[in-house]
Structures are given as structure tokens and as C-alpha cells.
Amino acid sequence: FAVQAPDTRRWCFADQLGGHFLDAPDQPVLLVGSRAVFRRRRFHRQKAHLLLSALRHRAAELGDQAVFLQTDTYGEALDRVTEPLSVCAPTTWPARDFVLRRPGVAVLEARGFVTRQADFRRWAEGRSRQRLLMDDFYRVARRVHDVLMDGAEPVGGAWNTDHDNREPPPADGRSPAPAPWLPAEDEIDEQVRADLDAWEAAGDVAFVGDDGPRLFPVTAAEAEERVRDFLAHRLGAFGPHEDAMLADEPWLAHSMLSAPLNLGLVDPRELVHRAEQAYRDSVAAGDPLPLNSVEGFVRQVMGWRDWIWHLYWHLGRDYRHGNALDAQQEVPAWLADLDAEAVDANCLSHVLADVRERGWVHHIPRLMVLGNYGLQRGIRPLALTDWFHRVFVDGYDWVMVANVVGMSQHADGGALATKPYAAGGAYIDRMSDYCGGCRYDPRKRVGEDACPFTAGYWAFLDRNRERLADNRRMRQPLAGLGRLRDLEAVVEQEQSRGTDPL
Ligand code: SF4
């Protein structure tokens with residue numbers, strides 16, 4: 001990475017909007033709004049709104065300190081700039097290639113994560129892909145950044161408290177946390193909405209998903225409100241039901257900080273230290289926050305998020321093309337259109353409706369309903385990655401490649417996850433309240449009311465039995481498959497369902 005003169009104008013991408021992307025609060029800034037980005041792909045309407053609104057709010061906030069160019073392409077904007085620029089390394093392969101090719105642009109080390117790329121490289125050196133374990137990396141990061149540590153040992157004696165964070169939903173069907181802080185829209189949002197309407201009406205762009213009140217922060221001040229609200233009122237309840245799903249409680253106790261983190265509005269280094277401070281203050285006050293909630297949250301931010309970021313670069317440009325399970329189905333139209341009404345399966349229908357309404361569901365509906373569906377039905381991993389990227393407000397290429405190709409679709413042959421995240425209806429039934437209102441029965445695998453996730457699970461195993469035969473963790477499920485008397489009927493039924501709406 002380059003070295004730059006301290007007063008060089010800093011070019012900030014739309015996901016580098018916080019003060020921590022500048023070297024001094026008064027550093028001159030370049031912001032670019034490119035319309036071509038939205039024309040090329042069909043994004044969720046609320047994602048387009050969030051990105052544009054955040055960029056325009058930042059430009060308004062900086063006033064004369066920023067040059068704000070709204071052009072069709074980045075190239076057009078850059079051609080208008082004659083002074084030298086510096087930029088923190090952007091977050092995708094194509095954007096990095098682009099900035100490195102531009103003359104007069106000093107490319108600096110990436111920011112916006114707890115750990116540095118050079119540190120990850122050193123840690124990963126000499127390790128095989130199978131040994132790049134999140135837990136190992138997270139321990140090192142905790143030690144180096146001194147987060148939730150008592151000397152050389154983790155606070156409470158355990159590095160990972162995940163076993164306490166897998167409880168089913170609360171029996172009363174209510175969220176364990178109070179309602180989250182939500183932002184209020186302003187005149188910039190109004191203008192963004194009018195512009196998006198006009199672009200859509202002109203046939204220039206096409207979106208998917210509902211327009212709706214903006215639910216995620218677009219300024220550092222709004223992000224701060226959400227952080228404060230979460231740390232003060234919701235953090236304590238975060239852990240135990242982190243994996244649970246409730247039809248009428250989409251937020252549960254989740255922080256909803258992924259979008260502002262990924263826009264660069266929150267500095268994750270500061271965030272993890274503040275979560276720790278909240279914990280230590282609560283202990284000192286004699287009313288300790290549950291450690292499993294605090295550690296679980298810290299792990300999401302500096303463990304999982306950083307790890308996924310580093311893997312994006314470490315695994316290389318071609319990683320996205322992995323298709324170890326030879327999944328060849330296209331994303332069906334009803335899924336691409338978020339057409340929840342086309343689907344009878346209650347879990348899938350609810351999750352799709354939530355995505356359509358908000359551009360967000362938490363990690364378990366993503367992994368265990370949407371990802372599980374794609375895995376069972378054999379949807380092309382790259383197409384599914386692209387879909388996740390476009391319809392989630394917090395989705396970026398660096399976020400989705402390892403999460404979808406590796407974690408969710410097992411398309412890397414097991415480099416990231418030791419076994420495929422395929423599950424039948426029993427898992428969804430245990431972890432949600434979806435099955436009670438469903439026309440399918442999670443216990444049935446054949447017949448009119450056979451749960452498509454239960455039957456789909458066995459059909460998936462049958463289709464991949466040879467590919468998974470050497471996986472130690474799949475021995476038991478494959479042995480179960482061998483005992484199924486009705487397997488032929490299950491497979492036939494699921495082949496005829498295919499990727500039709502369930
Ligand atoms: Fe989903 Fe099956 Fe449960 Fe219906 S029965 S909600 S399809 S898991």
C-alpha cells in the first residue's frame with residue numbers, strides 16, 4: 001500500500017462513510033455516486049435507498065469539505081478530478097483493480113475492520129484451507145486487541161459461549177428485547193425516493209422489494225443512536241435466542257448493526273470495546289449482563305465479520321466459482337421476485353415476505369431457510385450469492401461470497417464449514433413458530449403434506465451421497481439415509497417439486 005501526503009483528498013466509497021476513513025476530521029473528501037451500479041443489477045429498493053441516502057447525507061454533512069460527483073460511472077467522475085487522491089483499499093476485487101489502475105490515486109491499507117489484512121495473512125501462512133478456523137483466528141484477535149480478556153485468559157474462562165446461544169424462541173412468542181431504535185426520514189430521503197421513482201419510471205433501473213420507511217442508519221449520528229440503544233437495552237438479551245425465529249418478531253434481540261457497519265458508519269474496533277465496557281460496568285454495578293450475550297455479540301463483530309472479510313481476499317478471485325456439489329438450478333423467478341404469496345411453505349413464505357418488506361432478516365432465516373432451500377434444491381451457488389448480495393441491505397460482495405458459497409452452499413467442498421448446513425423441518429420446527437401454521441407437516445416426508453424441507457433434506461443427501469461419503473460428520477446422516485424405506489418415493493416426489501414454489 002502507498003504512503004500519501006496528509007492533506008491529499010480522500011476518495012471515500014459509499015461503504016467508507018465514517019470518520020475513521022479520514023486521517024483528520026477536516027481532510028478534503030471526494031464522494032462519487034454512480035447510477036450505473038443500479039442499472040446493472042436488480043437491487044432491493046430499500047438497499048438502493050440506503051446507499052444513496054447515506055452517500056448524500058455524508059456529502060451534506062461535509063459541505064465544502066467534500067467534492068460530490070454524481071455521474072453515470074466512477075470512471076466519468078474520476079476523469080473530472082485533477083488533484084491527487086488517496087483511497088482506503090476498497091472492499092471488492094473489481095473496485096480494488098479499478099483504484100489500482102487509476103493514475104494519481106494512492107491506495108492505502110483497508111479500514112473498517114478490527115484486524116488488519118497483513119495480520120490475517122501472517123496468521124494464515126502455512127495453514128491449509130481446512131485449518132483456517134474462525135474460532136482460532138478469533139482467539140488471536142481477542143488477545144491482540146485485548147477484548148474480553150482477564151490477563152491472558154478469556155473473561156469467564158471460555159472463548160466461545162455458543163452452546164448457551166441456541167435456545168428455541170421464547171415460549172410466549174414475544175421478543176426477549178424491547179423494540180429497537182428506528183431512524184426518522186428527512187428531506188434527503190424524500191429526494192432519494194423521488195429520484196428512485198423517476199429512474200424506475202423512466203425504465204432506467206428495476207428494483208425488487210417494497211419501498212418503505214428507512215429502517216437503518218445512514219449517518220454516523222444515527223448509527224450512534226442504534227449502538228447506544230442496543231448496548232443499553234438489547235445486548236443482554238442478544239445471546240440465548242440468537243438462532244431463534246419468530247414470525248411476528250423479525251428483530252428479536254439482534255443489533256441490526258450490520259448495515260451501518262458495512263456502510264462504514266460504525267468503527268468495529270470501538271464497538272467491541274464499548275460492548276466490553278458495557279459488560280464490565282454491569283458487573284461493577286452488581287447486575288452483570290449475561291456473558292454469553294456479550295461474547296456472542298463480540299464474536300459476530302470481530303470474529304465472524306472479520307474472518308469472512310479476510311477469507312474474501314485470502315481465498316482468491318476464483319473461490320466464488322466453486323460448485324463442489326454440482327448445483328445447476330437457476331434462481332427461480334418467484335424467489336428472485338420475493339413472491340411470498342406464491343409459496344405455501346410457511347417458513348419460506350414468511351422469510352421471503354420479511355426480505356421483501358425490509359431487505360433484512362437475521363442470520364438464521366438466511367442460513368437455515370433461504371440457504372437451506374438453495375442447498376437442498378441445488379441452486380447454482382454463484383447465482384444465489386448474487387441474489388443474496390442484491391436483496392439484503394447489508395449485503396456486499398465481500399460479505400456474501402464466503403458466506404454463501406462456503407458456509408451456506410458447501411460449494412467449496414468443505415473449506416469453510418465442516419459439513420453442509422442442510423436441515424429438515426424438525427430443525428425449523430424447533431427453532432421457530434412457523435410450522436404450527438403451515439399446510440405441511442415437518443414430520444412427514446411423503447405425501448401431500450410432506451414438509452419440503454424434511455423431504456428435501458433426504459433428497460439432498462441421496463443426490464450427494466457419494467460426494468459426502470468421506471465426510472466424517474456426515475456418516476450418521478448417510479447411515480440414516482440408508483435405513484429409509486420410502487427413499488425412492490421421497491426422491492421422486494422432490495424431483496417433481498424441483499424449484500417450483502413449495
Ligand atoms: Fe417450513 Fe416444513 Fe415447517 Fe412448513 S412444516 S413451516 S415447510 S419446515
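Data overview
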{"read-out": "Sum of side-chain charges, Leu502 neighbourhood, beta-carbon under 11 Å (Lys, Arg +1; Asp, Glu -1)", "value": "0"}
{"read-out": "Additional length obtainable on full extension of the chain from His233 to Asp119, 0.36 nm per residue less Cα span", "value": "37.6 nm"}
{"read-out": "Cα-based helix-to-principal-axis angle, 346-358 vs the chain, degrees rounded to 10", "value": "10 degrees"}
{"read-out": "Gain in span if fully extended, Arg41 to Glu448, counting 0.36 nm per residue against the direct Cα distance", "value": "142.8 nm"}
{"read-out": "Helical contribution to [θ] at 222 nm, DSSP H n ≥ 4, -39,500 (n - 2.57), averaged over the chain, rounded to 500", "value": "-11500 deg cm²/dmol"}
{"read-out": "Asp97/Tyr396 FRET efficiency (R0 22 Å; Cβ-Cβ; nearest 0.05)", "value": "0.85"}
{"read-out": "Mean separation of Cα contacts under 8 Å, 6 or more apart, over the residue count of the range 1-133: relative contact order %", "value": "29 percent"}
{"read-out": "Net charge of neighbours whose Cβ lies under 13 Å from the Cβ of Asn165, counting Lys and Arg as +1 and Asp and Glu as -1", "value": "-4"}
{"read-out": "Summed side-chain charge close to His57 - residues other than His57 whose Cβ falls under 13 Å, Lys, Arg +1, Asp, Glu -1", "value": "-4"}
{"read-out": "Whole-number Å³ per residue for the convex hull built on Cα positions in the chain", "value": "156 Å³"}
{"read-out": "Sequence ranges 147-156, 427-436, ranked by mean other-Cβ count within 10 angstrom, highest first", "value": "427-436, 147-156"}
{"read-out": "Alpha-carbon radius of gyration plus Dmax, which is the widest Cα pair, for the range 268-354 in Å", "value": "20.4, 56"}
{"read-out": "The chain: antiparallel DSSP beta bridges as a percent of all, rounded to 5", "value": "10 percent"}
{"read-out": "Radius of gyration and Dmax over the Cα atoms of the range 304-351, both given in Å", "value": "16.0, 41"}
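Where a number appears in this text, it was derived from the coordinates with a stated rule and is not lab data. This structure is a prediction, so every number in the text was calculated from the model and none was measured. Positions of Cβ are backbone-derived with ideal geometry, glycine not excepted, and every protein chain shown enters the neighbour counts.
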